[in-house]
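Below is the structure I would like to discuss, written out as structure tokens.
The values are calculated or read from the model by the stated rules, or taken from the named source; none is laboratory data. On a predicted model such as this, the values are computed, not experimentally measured, just so you know. Don't worry about glycine lacking a Cβ; one is built from the backbone with ideal geometry, like all the others, and counts go over all protein chains shown.
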Amino acid sequence: MLTNIHNPSHIPCIFKQKDVLLRHNPKKKTRMKIAIIGAGNMGSAIARGLAQGGLVQPEDITVSNPSEGKLQALQADIPGLEVTTSNVKAMGDADIIFLAVKPKVLEDVLRELPLRNGLIVASVVAGSSINSILDYLSMICPQGHVPDTIFFRIVPNTAAAIGQSMTLVSSLAANPKQRQLMLDLLAPLGPTMWVPEPQLAAATALASCGTAYVMKYIQAATQAGIELGFKAQDARRMVTQCVMGAAALLQDNPDAHPATEIEKVCTPGGYTIRGINELEHSGFTSAIIKAIKASV
Ligand SMILES: NC(=O)c1ccc[n+]([C@@H]2O[C@H](COP(=O)([O-])OP(=O)(O)OC[C@H]3O[C@@H](n4cnc5c(N)ncnc54)[C@H](OP(=O)(O)O)[C@@H]3O)[C@@H](O)[C@H]2O)c1
């Protein structure tokens, strides 16, 4: 939610005209200029992903952040990357701007946007809908006129840092070419999925908050392993590989189903079915459903 809207009457909007898509060719590096605002977890993961992805050159990516330490660390990892402490400088001639800041500073950053027809802005800010962003911009633009900027919302998860995110992408106004461009740009972060914006909160609960729920299972199973006599690191290694293997059995296999995989390991009268039934008696399925619904 965008809250705390300030009096914006003195704030100018800058209008320019460009068409980045005319230059987009997924097969080769283009001269798109990218700005990433915020060099935290998400901003850094996006910068690393874009730099590895082959669609843009590091020299065409500028990351801005108020403190310099994170910028220097990124620049050390990504030779050629441009960095600055000025958002305005980073966004000046950008074709695509990624907003990777916390919700409390989003309005400050929106006021600095060099709005113009054809500009593409992708926000990772959780909970701020495209309409709430547009409402805010229409308050701060002269005569309430917001130039035809294409807004995206993108929801990576923390595994973006290792190229294993499930990244959700949404937009109200993007055309198929613009959608594809965004999906291509984000591909190095991990698999991407297009989600209509009304379903984005629910998808975020599954694909982004879900990381925490899976971690909770890993933590709980590791605790059990320690009680059963294993060293913490051995227990965690067993549990994490078990989780990865289980996920791999289902991933990209339309014929696989959790129920079938569970049945395979449940010998009649055996140990696994005892554990499965204990999970049910303890409300495991219900707890997971409640947790995911609670985070929408
Ligand atoms: N973490 C996740 O799993 C996840 C998943 C999906 C979406 N998101 C969303 O992604 C956004 C960023 O999350 P994060 O985890 O990357 O947060 P983060 O690590 O705290 O990064 C935010 C960055 O923004 C910088 N910043 C603060 N004020 C700024 C300004 N006015 N202009 C430019 N940069 C500014 C901060 O700099 P300093 O620290 O130097 O002040 C910090 O480096 C959040 O809105 C969150 O809701 C996060």
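If ARG274 meets every condition in (1) more than 20 Å from GLN164 (Cα to Cα); (2) charged (D, E, K, R); (3) at pLDDT below 95 apart from one, which number is that one?
All conditions pass for ARG274, except number (3).
For the stretch 172-186, state whether one or more residues are in contact with a Pro (Cβ under 6 Å, 6 or more places away or on another chain) and either surrounded by 20 or more Cβ atoms within 10 Å (Cβ to Cβ) or not assigned by TED's automatic domain parsing to the domain that holds ALA100 (or both). Break it down into steps so the answer makes sense when it comes.
At the first step, the residues of the stretch 172-186 found to be in contact with a Pro (Cβ under 6 Å, 6 or more places away or on another chain) are 184.
Next cut, either surrounded by 20 or more Cβ atoms within 10 Å (Cβ to Cβ) or not assigned by TED's automatic domain parsing to the domain that holds ALA100 (or both) only: none.
Checking the stretch 172-186: not a single residue is in contact with a Pro (Cβ under 6 Å, 6 or more places away or on another chain) and either surrounded by 20 or more Cβ atoms within 10 Å (Cβ to Cβ) or not assigned by TED's automatic domain parsing to the domain that holds ALA100 (or both).
When the residues of the stretch 228-252 are narrowed to those that are part of a helix (DSSP H, G or I) and polar (S, T, N, Q), which ends up surrounded by the most Cβ atoms within 10 Å (Cβ to Cβ)? I'd like the intermediate steps shown before the answer.
Let us first name the residues in the stretch 228-252 that are part of a helix (DSSP H, G or I), namely 232-250.
Subsequent filtering for residues that are polar (S, T, N, Q) retains 233, 240-241.
Numbers: GLN233: 9, THR240: 14, GLN241: 10.
For the stretch 228-252, the residue satisfying everything is THR240.
Can you spot a residue in the stretch 258-269 that is within 28 Å of ILE154 (Cβ to Cβ) and surrounded by 12 or more Cβ atoms within 10 Å (Cβ to Cβ)?
No, the stretch 258-269 contains no residue that is within 28 Å of ILE154 (Cβ to Cβ) and surrounded by 12 or more Cβ atoms within 10 Å (Cβ to Cβ).
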